[in-house]
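Trainee: Below: one structure in structure tokens.
The values are calculated or read from the model by the stated rules, or taken from the named source; none is laboratory data. Everything numeric here is computed off the predicted structure, so don't read it as measured data. Cβ: placed from backbone, ideal geometry, glycine included. Neighbour counts: every protein chain shown. Accessible surface areas use protein heavy atoms only, side chains included; no ligands, DNA or RNA. Shrake-Rupley method; radii C 1.70, N 1.55, O 1.52, S 1.80 Å.
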Amino acid sequence: MSDVPALPPVNAPSAVGGIATDTSRLSNRANLEAAGKKFEAVFTGMMVKAMRSTHLAEDGLFASKGMNTFKEMQDTQVAQNMAAHAPLGIGKAMTEFLAKSQAGVEAGLAKSTTPAPAAADEGKTP
């Protein structure tokens, strides 16, 4: 037998196939738009990082870990500014998709929780 005590179960939000079903944070349009802007910045940052990794112009004289760190910081700032001032549109597309899917989920839940109308002629035989 083991001396390790059993852990109590954790009350986690229900998940379907590993995907959490708690969508309460999506109900606010401002939250969706903020998430879209952050996603846009992350996506743009990944794109800039991929462009930087091509090493088209090697700075042999000025290459150092410090310079690479400052280039990464600059790339992060450029990506955030690009997302804020000249977005590519992927964040907006994601926001619209989530808003539509959330509306569909809410409509489906409302439809499934609405009681079915009772038959008007119950108990009557033709």
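Trainee: Six or more apart or on different chains, Cβ under 9 Å: which pairs go from a residue in region 86-101 that's more than 21 Å from Gly45 (Cβ to Cβ) to one that's part of a helix (DSSP H, G or I) and of a type in the set (Gly, Ala, Ser)? Could you list them?
Mentor: If the second residue must be part of a helix (DSSP H, G or I) and of a type in the set (Gly, Ala, Ser), the pairs left are Glu96/Gly36.
Trainee: Output the qualifying pairs, or none if there are none: Cβ atoms under 9 angstrom, residues six or more apart or on different chains, first residue in region 30-42 and without any contact (Cβ under 8 Å) to a residue 12 or more places away in the chain, second residue of a type in the set (Lys, Arg) and surrounded by fewer than 18 Cβ atoms within 10 Å (Cβ to Cβ).
Mentor: Pairs that qualify, where the first residue is without any contact (Cβ under 8 Å) to a residue 12 or more places away in the chain and the partner is of a type in the set (Lys, Arg) and surrounded by fewer than 18 Cβ atoms within 10 Å (Cβ to Cβ), are Asn31/Arg25.
Trainee: Within the bounds of region 12-28, is there any residue that is loosely packed, with under 13 Cβ neighbours inside 10 Å, at pLDDT 85 or above and under 20 Å from the mean Cα position of the chain (by Cα)?
Mentor: no
Trainee: Can you tell me which residue is modelled with the highest pLDDT among those in region 67-116 that are open to solvent by 50 Å² or more (accessible area, probe 1.4 Å), under 23 Å from Ala30 (Cβ atoms) and of a type in the set (Val, Ile, Thr)?
Mentor: Out of the qualifying residues, it is Ile90.
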